[in-house]
Each structure stands twice: as C-alpha cells, then as structure tokens.
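Below: the structure, in structure tokens.
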2 protein chains.
Amino acid sequence: MPTRRSTATMKDVALRARVSLATVSRAFAVPGSVSEALTQRIIAAARELNYTINVNARSLRSQSSGLIVVLIPDIGNPFFSVLLQGIEEQARAQGLAILIGDTHGDSELAATYARLLDTRRADGMILLNGTVPNRAHDGARLKPQRYPVVAISERIPGADIAMVGINNRAASCEAVGHLAALGHRRIAHIMGPADNILTHERAQGYRDSILAHGCDMWPEAVQPGAFSIHAGRAAMAKLLDSAAPPTAVFAASDEIAIGAIIEAKARGLLVPDDLSVMGFDDIAYAESYDPALSTINQPRREMGRRAMVMLGALIADPDQRQADVILDHRLVVRASTAPPRVASRKLTSRT
Amino acid sequence: MPTRRSTATMKDVALRARVSLATVSRAFAVPGSVSEALTQRIIAAARELNYTINVNARSLRSQSSGLIVVLIPDIGNPFFSVLLQGIEEQARAQGLAILIGDTHGDSELAATYARLLDTRRADGMILLNGTVPNRAHDGARLKPQRYPVVAISERIPGADIAMVGINNRAASCEAVGHLAALGHRRIAHIMGPADNILTHERAQGYRDSILAHGCDMWPEAVQPGAFSIHAGRAAMAKLLDSAAPPTAVFAASDEIAIGAIIEAKARGLLVPDDLSVMGFDDIAYAESYDPALSTINQPRREMGRRAMVMLGALIADPDQRQADVILDHRLVVRASTAPPRVASRKLTSRT
DNA sequence: ACAACTCATGTAAAGGTTTACAGCGTCGAT
DNA sequence: ATCGACGCTGTAAACCTTTACATGAGTTGT
C-alpha cells in the first residue's frame, strides 16, 4: 500500500486559476480551444501547484493508455536491441511509451503479455520475429477483436497481421551468390531453429542460389541449428567431421557464424583461408570479430521505426489495412570470406 | 480515436452472477473474503462474458499502476540485457511489468522518464549505471517525494538511493593483481567515460593494485576512454605508440578490451603472447571472442533480481530504508592473459 | 433591433474500479 | 429469549479526467 501522496488535481488548478475544471482540461489537451489569457493563468496555476496529470484517470476516461507492448523472444539477443531503439525513438515521437515483454520463446508468456491489450493497459503491440502469441488458442482471440498489431520480420501464418521486414530469401540467395562468385563450389548452410519461419526462408534462398550457380549438393550440406553461438559451433563440427567438408558456410545468423568460426579455429583451420563463413543480420559484434564477419545487413533501426509508424496508424484507425513494408538489405563483405584455397582439396581424405 | 470495444465490466459480471459489484471486485482482489459458492458463480460468469479487468480503472482507484520504469543508458549495450532479464523475471513474479526507458545518456530524456513517477504511470524506478535523472534540477525533486527508486551498480551522489552492485574497486584490484601475478610489471589501464562513477572506482582499484604490487607507474599508463570498442581501440593505439608500451592492459570494460585487442592485432601483436588484456563485466561475447577474454564477472541476473526485490519492498513501504546490497564478483581467467614474454624486457629502455 | 451564428466557458455525466461503512443472518453464550 | 460477535454481502462514495451539451456574450447581416 503506497502512502497516498497528496498531489494537486485539475480541480485544484481550476480553483486557483478561477476557471472551471473543464477549461483546465481543455487548456492542456485541446490546443486552440482556450483563450490565450486563460491558458496563461492556468499554466501559471499548474506550475505553482506543481501539478501533473493523472495518467490513469486520463486513460480510464479516454480508453487509451499511450503504451504499446513489444514482444521479444530474448532481450539478450543483440539483433533486437537496435530494432528496439528504432521502435522506441519513433514511439517517443508519437508520445507513446513502450512496454517490453521478453517471452524467452515461451508462448505461454507471450499470451500473458498479449493480454495487456485486453486489459486496456496497452493500445497496440509489436511482434518481433519468432514470438507468436497466437500459436495456440489466442489466434482465434486476436483476430476478431482487431487489435492493432504489427509484426517485424515475420509473417504470422493465418493471422493477417501487417509486417515490416526484408526479403530473406533474396538476401540469402545473394549471400550464397557472393560465396559462389569467390569460386566456392562446396557451400554448406547452417540453419536457424526449425520452428522459425525465417529459418526456412533463408534456407530456401540458399537452395535457390546453389541451384542457380550449379554448386555441389550433398545430403549433409544443410545442417539444422538454432540462433546461437553454441548451435553454430556444433553444426560446424558435424560439417568438418564429414568425409568431404565444405570450403564455405552460409550461416543463418551472425551468432551461428561466430560459433562456426570458433569451431573451425579450434581445429586449426584459418578463416577465411581454409574456410569462408557468411553470417546474417550484421549485429554490432560482426564488425569487431576476428575475422570481421561478411554478412547481410538488415536496416534494423529503420525496421523498428517503420513498424512503429504503422502501428501508430493502426491505433488511430484499427480497421484500415496496412500494406507490408519490405526494406532493402545489404551485402556486407568483410574478412571472413575469400576465394577457396586451390590446394584445399587435399584435406578431403580420412574416413 | 480507437473504436470503442464493447467489453464486459464488473457490473455485467455482477448482474450475471446475481451479486453486487463489490462482491465481484472482492472475489478477484481479496482472496478469502467471498464465500466459495459465490466465488465459483462469479468466476463462471466472468468466463462466460469473457471479462477482463480494466487496469486503468483499477490504477485510478488504487493509486498504483503495477508498472516500474527501468532507466538504461543504452539498450544496445550487452551488459544490460541480462540485468534486464533478472529485473523482468522478478518483476513478473511480483505481478509487475517493466517499462524500459533508453536515455541514450541524455539526462533530459531521463528526466522525461522519471516524470512517469509523477504522473502515477509507474510505481517505482530502477536506475542502471550511468543514468542519473537527477543530475540537474531533478535531484531536488526526487528526494522530497520519496519515490521508490533503487540504483544498480552506481551510488548516486547526494541522493540517498538504495543500490545493489559489486565492489568495483576491489574487483579491479583483483584483476590487476592477476596480471601482476603472471609477472607483468608494466600494466596500463584504459578507463571508462570520465563522468561515470564506475570509471573512477575501477581506476582507484587499479591504482591500489599497482601500488600494492610495486608495479611500474608512468604518466601515460592511465588512458581516458569510454565504454566502447572504438574508444578502447583508440586508447590502445596511444599506449602502443608510446616509447615504452605496457605488457598488459586492464580495460574498464569488455568492450574496451575488445577494442584494445583489435588494435593490437592490427599492429601484428599477438594476444596474449605480446600483450595481455583484461576486461571487466564478462558480457556474453567475452567468452566467444578470440582470444577468449579474461575478465571480471558480475552476477548480472542476480543484481537485477535483487534490485527488483528491493524496489518491491520500497513500493510496499516507501519510508523504510533499504540497505545496500554488495554481491560477489568473480575473476574469470581465459585466454587473453598470459605471462609476459621474457624478451619483452628489451623494450623497456629509452627515455 | 433582432435573428442567426460563432466562440469561449461552464455543468454534469460518464468511465470501471476499490473500499469504508452499514446491514443482516447465524451462532454461541448467558 | 437476548446479546455480542462474526462473516458475508450490499450501498455508495471516491479516484481524476474527458467530453457532450448547455449557456451566455459578442458579432454579423438584414
């Protein structure tokens, strides 16, 4: 039970400024509606009383909270931080604050956060990739109410939710194309988690490119994984253990790529001399890693900003349909990719 | 203007369950106060009507929002993400949600977020190191009201705000001690930003240790910096340009350490053979870097959790004083530190 | 001079909860 | 049978705004 802080209310301000309560409210909320003289008097009175509006009362009456929820699978993942900054900047510009819900990939938890919309604590929601609060029973619940929701980087199947993202398939195709252009013929792919849609879009882009360039195809070329350093390392180990290891790897995320490089180094391989590695995302550490990662840059800040703009529009008019926004990605070539060694074929023995 | 969603209210539930409004409220809020039979009837009615409580109304009446603000200088900094997770987990356990304010180190912005307390939008606030919304005029404002506030890892000068953290001075002393124990005599220090208190505590620990071990002291040994890779790299460049470069560096953060290593590598130096580098914080990437970073581990998740616990107590009773919590740090020795090269003595001449 | 308007302000009714207080029925003790 | 206590439920006030509607003063046009 918090101690009741005795704070000035609008009524107090009205009394002091010798106007009605309604006038005070209007002076603050509706710009041109109160005469200059009164507005000054009211502002003065408010300042003297150290008045601050009670947001809860306002929300109750106006049926909107000025808050939006952002659902993230994992705050710790550096991919999301810049995205968040974009969202947050834009939200602030629109006078909204953001409420972050870390779902830890748990759809139960996601549903809990989604409930903030039901309870009118939040006006809208942004879904970051992988977090789908409506997998289970909530799919049915989300749609009929037509809550303002936009997804970043993931198309939610079934629920027609507006989204902003990049063309993952094309980007992956380009990434693998870069490796092929360097002369690689034996290019493997380490995937993200199987239940993530991005994983499949990127894998598809990989396949497109392998086909288009007539590169090697072999059963173990595509390894399952997850968006983590650990998974990347494990998958790389499998690839290197195989009879005919690849000369290049396209990882579905930078973290996977880092894991792959760690494993390669652990075995005495030189990157990029013995093995080229491509990442995806261009997280902050990609540039600082040794070797600096070649990767696909996603315009994350812009993605966040655009999503927030769309959400704002949706909040203003929940019935309007928003078109998807596909932003441009960018191939970033750094030091982790190079032409294959001509002599590299000699490694191919054993088992 | 959002379309008014016609939602069931308590009144509707009361009608349907044939009880009074008050009884419904009590059934939900005050555990043992309503008879079993009625409670069941009420719950059934609520379910049938798809009732969800209106949080704004509750907040208005009960003068508390169930929200807490967390002020962060930079969401993108990986040091904070785990901290956040700790806070968030504990907050959820206490039925609270967190509102994240990224201040970008801007105290103006921090003040904006701090205002959420004034407007009753938030019940309490957690300050993450470096963010001091009361540097300027707000110091005076924060104290008299006695808002529930706790700081993580930084003692706010002047304002008596409870805090949880580690002993930075002792930890730094230990870090440098590790380098000295390896045989280093010429140990430099790259500091964080000058306006951050942690910077000075860590620098002090460095000095303590240098003195205690009788290591070299020279004017350029301590370089100003900032908590970033870039700053680390620049400072390292200065150190290496000097006539008698150090054989080891203690960086005030892991990011600085990474920057330092990048610069050393760029000059063809081997880490740790030619130069040992110690970091501080043990961020996620410290372990994956090449070489893996020796550093000081801060129990970040636990710090977040403890801070939230304290805040909870403070919200329950704003007048009680909370004792500071100092948690244990841990020296983590990995691959970026090693004994100095014996031949390195030959560098020590000149001037 | 009067109708028709505009414009600034005031009045009062929501908005959905929580909670102090009152009422009422039951039970045990006298 | 009476009293007090206790446990459950209902009544109504309070929390602080926003906003539809009413009011009245001033302006314009005839």
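The values are calculated or read from the model by the stated rules, or taken from the named source; none is laboratory data. In this text, all values refer to a predicted model and were calculated from it rather than measured experimentally. Reconstructed Cβ throughout: ideal geometry from the backbone, glycine too, with neighbour counts over all protein chains shown. These accessible areas exclude ligands, DNA and RNA; they are computed on the full protein's heavy atoms, side chains included. Shrake-Rupley method; radii C 1.70, N 1.55, O 1.52, S 1.80 Å.
What accessible area per residue comes out for the range B:10-53, rounded to a whole number of Å², with a 1.4 Å probe?
That works out to 63 Å² for each residue.
Consider all pairwise Cα distances in chain B and report the whole-number % of them above 27 Å.
For chain B, the fraction of Cα-Cα distances above 27 Å is 55 percent.
Given R₀ = 45 Å, what would the calculated FRET efficiency be for residue B:11 paired with residue B:170, taking r from the Cβ atoms and rounding to 0.05?
Once the sixth-power term is evaluated, E becomes 0.15.
Under a GNM of chain A (C-alpha, springs under 10 Å), which listed residue has the highest mean-square fluctuation: A:194, A:237, A:44?
A:44
List the aspartates and glutamates whose Cα sits under 16 Å from the Cα of residue B:238, skipping any in the same chain fewer than 8 residues away.
Reachable aspartates and glutamates: B:220, B:263.
Using Cα atoms only, what is the angle between the long axis of helix A:300-316 and the major principal axis of chain A, expressed in degrees (0 to 90) to the nearest 10?
Taking the Cα atoms of chain A, the angle to A:300-316 is about 40 degrees.
In the range A:261-290, which residues become less accessible by 30 Å² or more once every protein chain is in place, relative to the chain on its own, using a 1.4 Å probe?
A:265, A:285, A:288, A:289, A:290
Among all the aspartates and glutamates, which ones have a C-alpha under 15 Å from residue A:11's C-alpha, if same-chain residues fewer than 8 places away are not counted?
A:48
Taking amide H positions as placed 1.01 Å from N in the peptide plane, with prolines and chain starts having none, which residues 5 or more places from residue B:332, or on another chain, fall under 5 Å of its amide H?
Correct list: B:295, B:296, B:297.
Do the sum for chain A: with -39,500 (n - 2.57) for every DSSP H run of n ≥ 4, divided by all residues, what is the mean residue ellipticity at 222 nm, to the nearest 500 deg cm²/dmol?
Only helices count here, giving -13500 deg cm²/dmol.
Contact order normalised by length for the range B:10-53, with contacts defined as Cα pairs under 8 Å and 6 or more residues apart; what percent is it?
Relative contact order for the range B:10-53 comes out at 41 percent.
As I understand it, the value is the acute angle between the Cα axis of helix B:107-118 and the longest principal axis of the Cα atoms of chain B; what does it come to in degrees, rounded to 10?
With rounding to tens, the tilt is 30 degrees.
Enumerate the amide H contacts of residue A:324 below 5 Å, restricted to partners 5 or more residues apart or on another chain; note that Pro and chain-start residues carry no placed amide H.
A:163
Could you work out, for the range A:10-53, what percent of all Cα-Cα pairs fall into each 5 Å distance bin, beginning at 0 Å and stopping at the bin that holds the largest distance?
Taking all Cα pairs of the range A:10-53, the binned fractions are 5, 29, 39, 22, 4 percent.
Quick one: buried accessible area between B and A, total over both chains, 1.4 angstrom probe, nearest 100 Å²?
5200 Å²
Once ligands and nucleic acids are excluded and a 1.4 Å probe is used, how much of residue B:328 is accessible, expressed in Å² to the nearest 10?
130 Å²
Towards the positive end of the charge dipole of the protein assembly as shown, with charges on Cβ (+1 Lys, Arg; -1 Asp, Glu), say which of A:189, B:262, B:163 has the farthest Cα.
Most positive-ward Cα: B:163.
Taking the Cα centre as origin and putting +1 on Lys and Arg beta-carbons and -1 on Asp and Glu beta-carbons, what dipole magnitude results for chain B, to the nearest 20 debye?
Using Cβ point charges on Lys, Arg, Asp and Glu, chain B gives about 920 debye.
Hey, if you put +1 on the Cβ of every Lys and Arg and -1 on every Asp and Glu Cβ in chain B, which of B:69, B:224, B:246 ends up farthest toward the positive end of that dipole?
The residue sitting farthest along the positive end of the dipole is B:69.
Which of A:310, A:34, A:332 sits closest to the plus end of the dipole of chain A, meaning its Cα is farthest towards the positive end, when Lys and Arg get +1 and Asp and Glu get -1 on the C-beta?
A:34
Can you tell which of A:310, A:217, A:278 shows the greatest fluctuation in a Gaussian network model of chain A with Cα springs below 10 Å?
Fluctuation is largest for A:217.
Which value, in debye to the nearest 20, gives the size of the charge dipole of the protein assembly as shown about its Cα centre, when Lys and Arg are +1 and Asp and Glu are -1 at the Cβ?
For this selection, approximately 1640 debye.
With a Förster radius of 30 Å, plug the Cβ-Cβ distance of residue B:331 and residue B:217 into 1/(1 + (r/R0)^6) and report the FRET value to the nearest 0.05.
0.85
In the Gaussian network model of chain B, springs joining C-alpha atoms below 10 Å, which of B:204, B:63, B:298 carries the largest mean-square fluctuation?
Between B:204, B:63, B:298, it is B:63 that shows the largest mean-square fluctuation.
Using +1 on the beta carbon of Lys and Arg, -1 on that of Asp and Glu, and nothing else charged, what's the dipole of the range A:10-53 about the Cα centre, debye to 20?
Dipole of the range A:10-53, to the nearest 20 debye: 80 debye.
What is the distance in Å between the Cα centroid of the range A:218-286 and that of the range B:12-36?
Rounded to whole Å, the Cα centres lie 59 Å apart.
Determine the residues within the range B:63-100 where the difference in accessible area between the chain on its own and the full set of protein chains amounts to at least 50 Å²; count protein heavy atoms only and use a 1.4 Å probe.
SASA drop of 50 Å² or more in the range B:63-100: B:63, B:75, B:85, B:88, B:92, B:99, B:100.
Considering only protein heavy atoms and a 1.4 Å probe, what is the carbon-and-sulfur percentage of the accessible area of the protein assembly as shown?
54 percent
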